[in-house]
Amino acid sequence: MAAPWSGGAELRMIGEIHGSQTVNVLHFATNTVINDAQSQIDLLLALAQAMLACVLDQLMPAVTSDWQLKSIDAKLISPQLSDPVEVIPPSSESHGQLSASSTSFISSLILKKTGGGGKSGRGKIFLPPAGEAEIANSAIDGPTLLLLAAFVACVAGKFIGAGATENWRIGVLSHKKLTAAGGTFDNSFRECTQLVASDNPAIMGSRRKGVGS
């Protein structure tokens, strides 16, 4: 797939840890033509359900049991805004599976690469953290990193490259370009060519207890 895109979407993965909300915002583009309201809903629902499957099957084994997935929603942001569609995980599968975490603001980091230079050519995903027992000497341990890599492989298999199984491509959206004079979704969105799990835990200050983000 490549620009011009027939549609762009924003997906949110909403969770909670220690009473603080976690929100991961991801951007996608598609060449699938949307003919009517129902095809729009079906396309967005397919996106949300595909991501939910990766989260339940691959991410839950890689993150702390203190984190709970609340919902995943997706909405069109191009060529026009739409209402979001939402999917809710089964309550029995909505928690991570690793050890407890002593803090809410540590994150597992995924790097988004597009093959392009500058800030608009790369991005980051701040996922829920591994458990306390899976982090030593300020690094995620090897077995847990492999679990994160399995999640990355699931997302890449569905949303990156010619072999992707879904009608969407994950990418990096430059809000600076989008809001600049003459900015469009097509010239502001870059497809990801690679997702990389880092063994270096990241910090999300907005996820401190009682703050939420």
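All of the numbers you see were taken from the coordinates with simple rules; none came from a lab. Computed from a predicted structure; not experimentally measured. Cβ atoms come from the backbone with ideal geometry, glycine included; neighbour counts cover every protein chain shown.
What three numbers, in Å, describe the spread of the alpha carbons of segment 32-77 along their principal axes, ordered from the longest?
Taking the Cα atoms of segment 32-77, the three principal extents are 42, 15, 15 Å.
Pairs of lysine in the chain with Cα under 12 Å and at least 8 positions apart or on different chains: total?
Close lysine pairs found across the chain: 4.
Would you mind listing how long segment 5-123 runs along its three principal axes, going by Cα atoms, in whole Å with the largest first?
47, 38, 22
Which whole-Hz ³J(HN,Hα) couplings does segment 88-98 yield from phi under the Karplus relation 6.51 cos²θ - 1.76 cosθ + 1.60, θ = phi - 60°, glycine and proline marked x?
Once θ is set to phi - 60°, the couplings for segment 88-98 become 10, x, x, 4, 6, 10, 8, 10, x, 10, 8 Hz.
Counting other C-beta atoms within 10 Å, which of Val152, Val63 has the fewest, and how do the rest follow?
Listed from fewest to most nearby Cβ atoms, that is Val152, Val63.
Principal axes first, then extents: for the Cα atoms of segment 7-207, list largest minus smallest coordinate on each axis, whole Å, largest first.
Rounded to whole Å, the extents work out to 49, 38, 32 Å.
Taking the chain as a Gaussian network, Cα atoms linked when under 10 Å apart, which of Ala162, Ala29, Ala74 shows the biggest mean-square fluctuation?
Top of the fluctuation ranking is Ala162.
Using a Förster radius of 22 Å, what is the FRET efficiency between Lys119 and Val196 based on their Cβ-Cβ separation? Nearest 0.05, please.
In this case the efficiency is close to 0.85.
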